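What follows is a short report on a single structure.
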Amino acid sequence: MPREHGDSPTPRPCPMCGLPGAGTADRPREVCDDCRASARCAHDRPVTGQNTRFTAMGITVWHDDRTECVSAIGSGRVWVDGHECRIVTTRAGGVAVETTG
Ligand SMILES: [Zn+2]
Ligand SMILES: [Zn+2]
């Protein structure tokens, strides 16, 4: 089989749940959308992140009741299924959750 010369990076399985096509060669530690959606902060509450210019991390993070999670905004630390991960900005202007290894 000839390799295709596409400009999209090779998909990798999600490092948390193994779902195919989540991570990429560029960001092999990136978890899939489902795992990102289940991320919890240091307060053990569900959190959602968004890319912003207004914090040092470039990210703002909210709890499920839309209060800001100062802890996650400052440290980037979140947990997926009990595993420590970190929330990061992406070049596309969004956010991603990556395992810390
Ligand atoms: Zn996953
Ligand atoms: Zn929190």
How much FRET efficiency would the formula 1/(1 + (r/R0)^6) give for D26 and D65, where r is the Cβ-Cβ distance and R0 is 35 Å, rounded to 0.05?
0.55
Give, in nm to one decimal, the length gained when the segment between D33 and R45 is fully stretched (0.36 nm per residue of separation minus the Cα-Cα distance).
2.6 nm
Okay, helix-only estimate at 222 nm for the chain: each DSSP H run of n ≥ 4 adds -39500 (n - 2.57), divide by all residues, round to 500 deg cm²/dmol; what do you get?
-2500 deg cm²/dmol
Hey, can you grab everything whose amide H is under 5 Å from the amide H of M16? Only 5+ residues off in sequence or another chain; H modelled, so Pro and N-termini drop out.
C32
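Per the Cauchy relation, a quarter of the hull surface: what is the mean projected area of the convex hull of the alpha carbons in the chain, in nm²?
Averaging across all directions leaves 7.0 nm² for the Cα convex hull.
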Whole-Hz Karplus couplings 3J(HN,Hα) for the range 60-66, θ = phi - 60° and coefficients 6.51, -1.76, 1.60, Gly and Pro as x, run 10, 10, 10, 6, 5, 9, 6
What ³J(HN,Hα) values, in whole Hz, does the Karplus curve 6.51 cos²θ - 1.76 cosθ + 1.60 give for the range 33-40 when θ = phi - 60°, with x put for Gly and Pro?
4, 5, 5, 4, 5, 9, 5, 10
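Any read-out appearing in this document is the output of simple, stated calculations on the displayed coordinates, not a laboratory observation. Just so you know, these numbers come straight off a predicted model, no measurement behind them. For neighbour counting, all protein chains shown are included, and Cβ atoms are generated from backbone atoms with ideal geometry for every residue, glycine included.
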